[in-house]
Amino acid sequence: MAVGRVLGAVVLAGGMLTACGQGGSESLLDEPTLVVGVRPDLPGLGLRRPDGRFEGFDIDVARYVADRLGKKVRFVQVLASERITALTSGRADLVLATLSVTPERKTQIAFAGPYYMSYQDVLVRADERGVKGVRDLTGRRFCAVEGADPIQRLLAVHGMTARTVPAKSYDQCMRMIKGRTVDAITTNDVILAGLVRREGRGYRLVNARISEQNTGIGLRRGDVEGCEALNRAITRMYQDGTAAKLMRRWFGGTGLDLSMIEVPQFEGCV
């Protein structure tokens, strides 16, 4: 029986080591450098420049919170369909990539924040003068990016119908709307504002406010200490004026409402 107990302890210890090894360190606070998954394809939010550097609101927020935690930061690109697996596979310690907090996603990963509260909106061509609200686009063609879920929320609007055209990225959506193969793009207002800013003219936001979107920092489940440290950093970012400064820097003049910038209500670290 003593031998059995020893063997059982060895098996248990081995299982614990394996479990710890799957996600690297137990907490992101144990890491000297945080690997952060960011979007490479969203102007104003996360964009990879020709020289390989990343820029945008999410990039600046990631740098800010990493600095508050006393960490270095390294960025890796993630597309919409890769955001969850980047965390669960251990490829990234954090994801700041327009990742909306949803009940389904909370079964797979944890969230700090949200660090920004936005609304789902609609982008149309400026010459669509008859479009005053989302229902004016009933039955029209909407671009739908793989790995994102705004089309489902659009169709939940009472009386709303739409034809969806799939795309790999919002850049592809912009090519479609320029070529008039789609009539509109719907997603978080900050994503659309970034596209409007890049294009300069010819496009506008409908200000539909279809649904509230809480954009959080994705991290691996179980890291309560790391999550709480991130929440403290986000709170400080709003209190010291950095959040407002970054919002004006990246989205000023796009039609996005920046009149009220305040600390979002946190989800809680459990």
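The values are calculated or read from the model by the stated rules, or taken from the named source; none is laboratory data. This structure is a prediction, so every number in the text was calculated from the model and none was measured. A quick note on method: Cβ atoms are made from the backbone with ideal geometry, for glycine too, and the neighbour counts reach across all protein chains shown.
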*Restricting attention to the range 1-32, report how many residues are within 20 Å of Ile109 (Cβ to Cβ) and either in a loop (DSSP other than H, G, I, E, B) or modelled with pLDDT of 90 or more (or both).*
9
*Which condition number does Phe142 fail, the rest of (1) touching a residue at least 60 places away in the same chain (Cβ under 8 Å); (2) assigned by TED's automatic domain parsing to the domain that holds Arg198; (3) hydrophobic (A, V, I, L, M, F, W, C) being met?*
(1)
*Is it fair to say Arg125 is outside the structural domain of Ala233 (by TED's automatic domain parsing) and without any contact (Cβ under 8 Å) to a residue 60 or more places away in the chain?*
no
*Grab the strands (runs of 3 or more DSSP E) fully contained in the range 99-186, keeping just those with 3 or more residues being among the aliphatic types (A, V, I, L, M).*
110-125
*Across the range 98-112, what is the number of residues that are crowded, with 21+ Cβ neighbours inside 10 Å and either more than 21 Å from Ser27 (Cβ to Cβ) or acidic (Asp, Glu) (or both)?*
2
*Here are some residues: Val76, Val95, Val65, Val61. Which one is in contact with a Gly (Cβ under 8 Å, 6 or more places away or on another chain), crowded, with 20+ Cβ neighbours inside 10 Å and either closer than 30 Å to Gly179 by Cα or in the same structural domain as Leu42 (by TED's automatic domain parsing) (or both)?*
Val95
*Residues located in the range 65-89, provided they are polar (S, T, N, Q) and at pLDDT 95 or above*: Gln77, Thr85, Thr88, Ser89
*Working only within the range 116-131, note down all residues that are closer than 27 Å to Asn214 by Cβ and either of a type outside the set (Asp, Glu) or at pLDDT 95 or above (or both).*
Tyr116, Met117, Ser118, Tyr119, Gln120, Val122, Leu123, Val124, Val131
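Yes/no matrix, rows are residues, columns are (1) touching a residue at least 24 places away in the same chain (Cβ under 8 Å); (2) touching a Leu at 6+ places or on another chain (Cβ under 7 Å); (3) not hydrophobic (A, V, I, L, M, F, W, C):
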| site | (1), (2), (3) |
| --- | --- |
| Asp121 | yes, yes, yes |
| Gln152 | no, no, yes |
| His158 | no, no, yes |
| Asp171 | yes, no, yes |
| Asp183 | yes, yes, yes |
*Can you tell me which residues in the range 233-270 are among the small types (Gly, Ala, Ser) and either surrounded by fewer than 17 Cβ atoms within 10 Å (Cβ to Cβ) or over 22 Å from Ala193 (Cα atoms) (or both)?*
Ala233, Gly241, Ala244, Gly252, Gly253, Ser259, Gly268
*Looking only at the range 219-270, which residues are of a type in the set (Asp, Glu) and either part of a helix (DSSP H, G or I) or under 16 Å from Asp189 (Cα atoms) (or both)?*
Glu225, Glu228, Asp257
_Can you confirm whether Gly202 is modelled with pLDDT of 90 or more and on the phi > 0 side of the Ramachandran plot?_
yes
